[in-house]
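Undergrad: Can you read through this structure? Questions will come right after.
Taken together, the values in this text are just the output of simple stated rules run on the coordinates, not laboratory data. What you see is a predicted model, and the numbers here were worked out from it, not measured in a lab. Positions of Cβ are generated from backbone atoms using ideal geometry, with glycine treated the same way; all protein chains shown enter the neighbour counts.
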Amino acid sequence: MSKKTARRSAFRREKMTALDYILFVILLGIALLILIPFWNVIMISFSTPKEYADNPFMLFPKNPTLASYKALFMDGSILMGYWNTFKLLIVGLPLSLFLTSSMAYGLSRSKFPGKRIIFFLVLFTMIFNGGIVPLYLIMKSLHLTGTLWSVIFAGSFSAFNMILMMNYFYSLPESLMESARLDGAGEWRIMFSVVLPLAAPIMATITLFYGVAYWNSWYDAMIFLRKAEQLPLQNVLRTIIVESTTNASNASSVSAVGKQAFSTGMKMAAVFVTMVPIMCFFPLLQKHFAKGVLTGAIKT
Amino acid sequence: MKADKKLSVRSILLLSLCLVMLLATACSKEGAQGGNEKDESGNYKDKLKISVASTINLKDGQLNNEFHKFWMDKFNLEWDYNFIEWDSWAEKLRLWVSSGDLPDVATWNYIHGDAMNYIDQGLLYKFPDDWKERWPNVATAYKLTGLGEKLEELKGGTYLLPRPVYYENKPADPLVNQNGVIVLRKDWAKAVGFELKDAYTTSELMTFAKLVKEKDPGKVGANLVPLSFNAGDAMVNIIMPNSEHSRVESAFYKGEDGKYHWGPADPETLVGLKLMQQAYKEGLLNPEFYTWKNSEGGDNFRVKGAAAVAGLGGLASFRQDVDKDMQKNLGVSSDDLVHTAIVLGDDGKYRNLEQANFWSALIFSPNISKEKFERVMDLLDYSTSTEGQMILNMGFEGKDWKYGDNKELVSLLPEGTSLEDKYPSRFEGLYLLGDDFSIINPAIKKEYRDRSVLHYQNKAKLGKEGGKLAAYDWTVQLHDSKVKNQATFTYETEYTNLILQSGDLESNWKKWVESKMSLVQPALDELNNLK
């Protein structure tokens with residue numbers, strides 16, 4: 001045994017106490033409690049209805065099948081859903097970041113007339129909202145109902161995210177902005193060239209928040225959109241699942257009866273399909289995420 | 001000074017212009033884009049763009065197929081189709097109606113209280129007084145719904161079209177709810193010496209279930225579920241056959257004394273509960289039957305092949321689905337294995353609910369132009385005719401179907417394909433529901449259709465001859481109030497909780513009835529005091 005290896009194993013022996021082993025087992029148990037249902041969801045999505053009926057809790061299907069995925073992707077509406085969600089993200093995310101960061105920057109600067117009132121008005125929308133009918137009427141009067149713009153605008157600004165960002169901006173030294181101002185930079189220039197490059201953690205966090213919100217959003221789309229080909233992914237999945245699970249025995253008309261399909265399998269396939277992209281996206285921002293939340297949450 | 005004057009004159013002119021434009025915008029109704037005059041060959045001269053909303057998922061490009069083109073060409077119109085997701089139907093329509101943004105015509109999951117409010121607020125289009133003479137097919141089908149005329153009595157005009165479930169192919173009179181048909185394993189019944197009949201009492205079914213449990217003729221072993229009912233199925237197939245007022249649809253009813261009563265408090269409901277508890281205690285129901293959702297009860301029968309009895313429902317298409325599922329999952333034809341029957345109460349009487357002949361409604365935007373309304377009504381009238389129904393449900397004669405030697409309908413579609421595959425999303429059947437044609441539709445096996453009609457007829461016959469059918473009480477159904485809504489319970493859950501409780505069922509049931517009376521009594525008082 002080399003000296004190095006011996007030292008390393010001695011170090012391990014020193015470090016690993018009985019309590020460590022107990023904690024390891026407990027944490028492993030908790031991890032399994034989280035992972036096994038998740039694994040089960042994936043496996044059900046690859047199983048046949050018969051196999052699921054025989055054994056709903058399975059670690060591996062005996063006769064794996066792609067039938068649930070085929071049924072899910074069959075008519076092309078899922079791909080259309082992905083495309084619409086992608087459009088929402090591509091247009092909505094930069095818009096949201098721009099609106100949020102510019103307002104957060106403005107409100108984080110030194111006192112100016114009306115600052116408190118503006119902040120109060122923003123805060124007010126976080127606590128009370130006007131309800132869906134006034135929002136719908138506004139979109140209608142702007143002739144935006146039935147277009148993706150209504151969904152983008154409805155979700156383009158979050159008071160919570162703005163406050164989080166504003167608190168982060170407070171933490172930046174005022175002298176930086178003053179120096180830039182002395183060099184002749186205007187407020188937009190200061191924001192884009194000085195403040196935002198220093199705000200990567202909070203930008204990553206807020207990007208993730210908005211990204212997840214756009215990805216998961218279905219209510220605004222349900223309210224404002226009118227064509228099947230406009231619906232984002234979540235609404236398409238909802239439609240497919242609802243159509244496959246409508247309970248025939250309670251229907252009073254054949255019109256109310258859904259299509260025959262392995263509904264649980266389709267549900268699980270839908271969960272998997274929806275989760276994968278966001279799971280791929282999360283690790284890229286994870287390193288900034290915790291830092292951003294922590295810094296933004298504490299006013300310095 | 002001069003400049004100021006000029007400025008103020010300009011401002012006033014500009015302001016006036018703005019006001020005129022505003023007024024013009026505000027006062028302009030959706031203008032007619034054309035008339036309904038026809039040319040020499042009887043075709044409409046002007047094309048109209050009509051917005052329509054329904055729950056049928058019409059995808060991009062599907063309007064280009066031959067079927068949709070036929071309807072658009074025949075009525076010279078262009079559809080602006082709006083899709084409503086099934087689970088947001090009520091919410092979306094409420095929003096559209098309330099904000100004055102309703103498409104020209106829409107299917108609506110009728111809610112009586114909302115209908116009354118909408119009509120009072122002028123949010124729905126009022127039909128012209130002579131509409132029944134102008135569109136006779138629609139008027140005849142409308143009359144069969146019952147609801148239309150009741151609403152006319154209440155509101156003094158027609159504001160919506162309830163959609164008829166049955167029209168020319170009504171399977172029986174009175175029309176009884178399709179629920180309350182079970183499937184049982186024919187081969188197992190023969191193996192255990194159980195007689196096959198069209199109707200069984202609840203105890204007879206339980207006897208069969210016990211025999212299957214003892215002898216296990218299918219060699220299913222531990223997975224065997226003698227009565228594969230979820231909580232809803234158990235209520236429909238055990239409690240309802242013994243108490244016709246045990247369900248939410250008929251819980252409030254007018255008794256022989258002329259006063260309203262609450263069915264779940266009737267001793268008949270207790271009889272049903274006792275049978276259900278007995279089935280549970282004897283292991284005929286699955287120990288966890290109350291956790292099953294949607295089709296889980298039926299799946300034991302059709303997917304797993306491990307159940308002796310399961311709930312089905314009375315539509316022939318349901319039976320066809322069982323056949324498809326058994327072929328797909330068990331690799332067997334269901335015809336030799338499955339028997340369907342209706343369930344009687346333990347006293348041999350048949351109980352169920354009379355069914356109103358409507359499901360959902362058609363509503364029109366109050367801003368729809370006269371021309372568009374008339375064009376849509378022309379389409380509805382044609383779609384309700386025999387010719388229209390054939391096109392809607394069978395496609396085009398000579399191409400998709402033909403009459404056989406005995407004048408029966410023969411499909412010309414390639415084996416294994418359906419009309420939905422060829423012409424997807426046929427939303428033009430806006431008015432009359434597909435149930436009516438399903439009775440004669442050759443896409444459903446004739447044996448299944450005949451059996452379905454037989455059950456409807458037996459229900460009607462047994463219900464009339466000594467049975468107890470809960471009448472469709474228009475007073476209760478059309479009464480909408482907070483008090484009544486508060487006294488509405490999920491009975492399948494309530495009944496399941498009762499049979500699972502420890503202690504004496506009868507005293508538990510009495511306590512339960514007592515606990516509910518604080519909510520039920522005000523509803524009864526309200527109904528009894530209605531003029």
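Undergrad: Considering Cα pairs under 8 angstrom that are at least six residues apart, work out the relative contact order of region A:71-297 and quote it in whole percent.
TA: 33
Undergrad: Still on this structure: When only C-alpha pairs under 8 Å and at least 6 residues apart count, what is the relative contact order of region B:162-277, in percent? Walk me through the intermediate numbers first.
TA: Details: 92 pairs, mean separation 23.2, N = 116.
Here the relative contact order equals 20 percent.
Undergrad: I'd like the distance between the alpha-carbon centres of region B:490-531 and region B:66-93, rounded to an integer number of Å.
TA: Taking the Cα centre of region B:66-93 as reference, the centre of region B:490-531 is 44 Å away.
Undergrad: Counting each DSSP H run of 4 or more residues in the protein assembly as shown as -39500 (n - 2.57), what helix-only mean residue ellipticity at 222 nm follows after dividing by all residues, to the nearest 500 deg cm²/dmol? Working shown, then result.
TA: Details: 36 runs with 441 residues, N = 831.
That comes out to -16500 deg cm²/dmol.
Undergrad: Once fully extended, how much extra length lies between A:ARG189 and A:THR65, figured as 0.36 nm per residue of separation less the alpha-carbon to alpha-carbon distance?
TA: 39.0 nm
Undergrad: Now a separate question. Strictly greater than 32 Å: what percent of every Cα pair in chain B meets that? Don't skip to the answer; put the middle values down first.
TA: Working: 75449 of 140715 pairs.
Distances greater than 32 Å cover 54 percent of the Cα pairs.
Undergrad: Sticking with this structure for a sec: Spelling out what I want: for every residue of region A:103-118, take phi, set θ = phi - 60°, compute 6.51 cos²θ - 1.76 cosθ + 1.60 (Karplus), and round to whole Hz; glycine and proline get x.
TA: Calculated HN-Hα couplings, in order: 6, 4, 5, x, 6, 8, 7, 4, 4, 9, x, x, 4, 5, 5, 4 Hz.
Undergrad: Relative to the present Cα-Cα distance, how much length would full extension add between B:LYS445 and B:LEU154 at 0.36 nm per residue of separation?
TA: So the chain would gain 100.5 nm between B:LYS445 and B:LEU154.
Undergrad: Among the trypsin sites (Lys or Arg not before Pro) in region A:47-124, which ones are in a DSSP loop with at most 12 other Cβ atoms within 10 Å of the Cβ? Mind listing them?
TA: Counting only loop positions with at most 12 other Cβ atoms within 10 Å, the trypsin sites (Lys or Arg not before Pro) in region A:47-124 are A:LYS62, A:LYS111.
Undergrad: By DSSP, what percent of the beta bridges with both residues in the protein assembly as shown are antiparallel, rounded to the nearest 5? Could the numbers behind the result be given before it?
TA: On the way: 24 of 44 bridges.
Bridges in the protein assembly as shown are about 55 percent antiparallel.
Undergrad: Also, quick follow-up: Provide the FRET efficiency to the nearest 0.05 for the A:LEU79-B:GLU256 pair, computing r from the beta carbons and using R0 = 45 Å.
TA: 0.15
Undergrad: Can you list residues whose amide H is under 5 Å from B:LEU344's amide H, if they're 5+ apart or on another chain and H is modeled 1.01 Å from N?
TA: B:TYR200, B:THR201, B:THR202
Undergrad: Within straight cross-link reach of A:LYS15, meaning Cα distance under 17 Å, which lysines are found once same-chain residues fewer than 8 apart are removed?
TA: Correct list for A:LYS15: A:LYS4.
Undergrad: How well do other chains shield peptide B:79-92, expressed as the mean number of their Cβ atoms within 10 Å of each residue Cβ?
TA: 5
Undergrad: Additional query: Based on the inverse mean of 1/r over its pairs of different Cα atoms, what is the Kirkwood hydrodynamic radius of region A:71-297, in Å?
TA: 20.0
Undergrad: Obtain the nm distance between the two label points defined at B:ASN406 and B:ASP80 by a simple spin-label model: each point lies 7 Å from its Cα along the Cα-to-C-beta direction.
TA: Between B:ASN406 and B:ASP80, the simple spin-label model gives 5.1 nm.
Undergrad: At 0.36 nm per residue, and after removing the present C-alpha to C-alpha distance, how many nm does the segment from B:GLU195 to B:GLU91 gain when stretched out fully?
TA: Fully extending the segment from B:GLU195 to B:GLU91 adds 32.5 nm.
Undergrad: Show me, for region A:216-231, the HN-Hα J-couplings you get by feeding each phi into the Karplus relation (A = 6.51, B = -1.76, C = 1.60, θ = phi - 60°), rounded to Hz, glycine and proline as x.
TA: 8, 5, 9, 5, 4, 5, 5, 6, 8, 8, 10, 10, 4, 6, 9, 5
Undergrad: Tell me which GluC sites (Glu not before Pro) from region B:176-234 have a DSSP coil assignment and no more than 11 other beta carbons within 10 Å of their own. Write out the running numbers ahead of the final one.
TA: Working: sites: B:GLU195, B:GLU204, B:GLU214; in loops: B:GLU195.
Within region B:176-234, the qualifying GluC sites (Glu not before Pro) (loop, at most 11 other Cβ atoms within 10 Å) are B:GLU195.
Undergrad: Apply the Karplus curve 6.51 cos²θ - 1.76 cosθ + 1.60, θ = phi - 60°, to the phi angles in region B:485-491 and return the couplings in whole Hz, x for Gly and Pro.
TA: Computed from phi, the couplings for region B:485-491 are 5, 5, 9, 9, 10, 8, 5 Hz.
Undergrad: I've got another one for you. Any idea how far apart B:LYS461 and B:GLU397 come out in nm if each label point goes 7 Å out from Cα toward Cβ?
TA: 3.4
Undergrad: Okay, next question. Label points 7 Å out from Cα along the Cβ direction at B:MET390 and A:LEU99: separation in nm?
TA: Modelled inter-label distance: 5.7 nm.
Undergrad: Between region B:368-418 and region B:107-142, what is the separation of their alpha carbon centroids in Å?
TA: The distance from the Cα centre of region B:368-418 to that of region B:107-142 comes to 24 Å.
Undergrad: Continuing with this model, one more query. Would you mind pulling out the separation of the Cα centroids of region A:20-63 and region B:456-485, in Å?
TA: Each part's Cα centre sits 48 Å from the other's.
Undergrad: Write out the GluC sites (Glu not before Pro) in region B:256-299 meeting two conditions: DSSP loop, and at most 13 other Cβ atoms within 10 Å of their Cβ.
TA: Answer in residue order: B:GLU256, B:GLU288.
Undergrad: Taking only Cα atoms of region B:282-421, what ratio of Rg to Rh do you get with Rh as the Kirkwood inverse-distance radius?
TA: For region B:282-421, the value is 1.09.
Undergrad: Sticking with this structure for a sec: When you look at the Cβ of every residue in A:228-236, what mean number of other chain Cβ atoms sits within 10 Å?
TA: Partner Cβ neighbours, averaged per residue: 3.
Undergrad: I need to check one value: relative contact order of chain B, counting alpha carbon pairs closer than 8 Å and at least 6 residues apart, in percent. Mind showing how you got there, number by number?
TA: Values: 815 pairs, mean separation 116.7, N = 531.
Relative contact order of chain B: 22 percent.
Undergrad: Between A:ILE90 and B:GLU168, what's the calculated FRET efficiency when r is the beta-carbon distance and R0 is 45 Å? Round to 0.05.
TA: 0.25
Undergrad: Moving on to the next point. Which FRET efficiency, nearest 0.05, do B:LEU519 and A:ARG116 yield, Cβ-Cβ r, R0 51 Å?
TA: So the FRET efficiency works out to roughly 0.55.
Undergrad: Counting partner chain Cβ atoms within 10 Å of every residue's Cβ in B:95-101, what's the average?
TA: For peptide B:95-101, the averaged partner shielding equals 5.
Undergrad: Can you spot the lysines whose alpha carbon is less than 26 Å from B:LYS215's alpha carbon? Ignore those fewer than 8 places along the same chain.
TA: Hits, sequence-local ones excluded: A:LYS50, B:LYS186, B:LYS190, B:LYS197, B:LYS274, B:LYS281, B:LYS304.
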